[in-house]
Amino acid sequence: MKNLILFLIFIYIFGCDRKENTVTTEKINSAVIKELVNQAIDSNTAANNKLANLIDYSLMVMKNYNSVIVDSLIADSKTYYYILLENPNPLYNKFAVYDSLLTPILKDESLNGNIYLEKIASGRKYFIKIDEAYLSKDTLLLNRLSLYSADSSGVSMVFRIHTKFAKPEIEYFQDIVEISDSLIKTSISSSEKSFINNKEDNFSYNPSAKKYTSTQNLFDEFVKKEIDSFHYKPIKEQLIDTTEQIN
């Protein structure tokens, strides 16, 4: 009888323990991650640790974000969660991707200005598209587009180009006219007559590098030369480090 009582007590204790663990295990979804992000922004170290140190606490605390976006993408039956942070100071801008266990997949800290995001599918590929609009040298307006490809193996940035460059009295554009698993084709135009108007560029997919690349990269080379040759007197604080930081 004594052994029976001890056995029942054992079952009760460990049965309750398993039930408690089941209840307290939190299922990962966009709402849960959004709450963790808000807590991390509010200097909650435990929440930030769960997000693999999304917020850099070595920088001055900055809580006035323009937008905090959390959403999910399913690619090849695998779910990814992504976070986009836009701040008035581009140093705090971030795009991060996690799997369903909150394992970090990608973090891009090289985004500028106002940021727009959307999910797109083309052929057998799934992409997250990010558009940035920002100023250079106080006067020059630039738009930059990045494509992050998602599949069962992970998420990576596969394509990045400038799509608009505007200076006083003239604007230049680069539009994607075709996108497939193996090729992205672009068309270049301008608001006034220019040598780069009506040109095209081809970006072929390199499987080993996991990127779409062009041997010419016409528009970005043109934009770089235009910025370098544009003379001005700085008024606003300039972004010094423009190196891409993608982990």
Selected residue (criterion: farthest from M157 (Cα to Cα)) from residues of region 91-111 that are among the aliphatic types (A, V, I, L, M) and in a loop (DSSP other than H, G, I, E, B) = L101
note = The number of residues in region 200-226 that are among the β-branched types (V, I, T) and either at pLDDT below 95 or under 17 Å from E178 (Cα atoms) (or both) is 1
task = Hey, can you tell me all the residues within region 181-196 that are part of a loop (DSSP other than H, G, I, E, B) and exposed (fewer than 14 other Cβ atoms within 10 Å of the Cβ)?
result = D181, S182, S191, E192, K193, F195
task = Say whether the condition of being among the small types (G, A, S), over 17 Å from the mean Cα position of the chain (by Cα) and modelled with pLDDT of 95 or more is met by at least one residue in region 153-166.
result = yes
request  = Quick one: V158 ticks every box in (1) touching a residue at least 40 places away in the same chain (Cβ under 8 Å); (2) of a type in the set (A, V, I, L, M); (3) not assigned by TED's automatic domain parsing to the domain that holds T215 except a single one, so which number is it?
outcome  = (3)
task = Among what's in region 112-141 and is at negative phi and not in a strand (DSSP E or B), pick the residue that is surrounded by the fewest Cβ atoms within 10 Å (Cβ to Cβ).
result = R124
task = Among the residues of region 167-180, write down those that are buried (at least 18 other Cβ atoms within 10 Å of the Cβ) and over 23 Å from the mean Cα position of the chain (by Cα).
result = Y172
ask   = closer than 30 Å to L102 by Cβ, hydroxyl-bearing (S, T, Y) and either modelled with pLDDT of 95 or more or not assigned by TED's automatic domain parsing to the domain that holds Y82 (or both): does that describe S180?
value = no
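The values are calculated or read from the model by the stated rules, or taken from the named source; none is laboratory data. These numbers come from a predicted model, not from an experiment. No Cβ is skipped: glycine too gets one built from the backbone with ideal geometry, and neighbour counts run over all protein chains shown.
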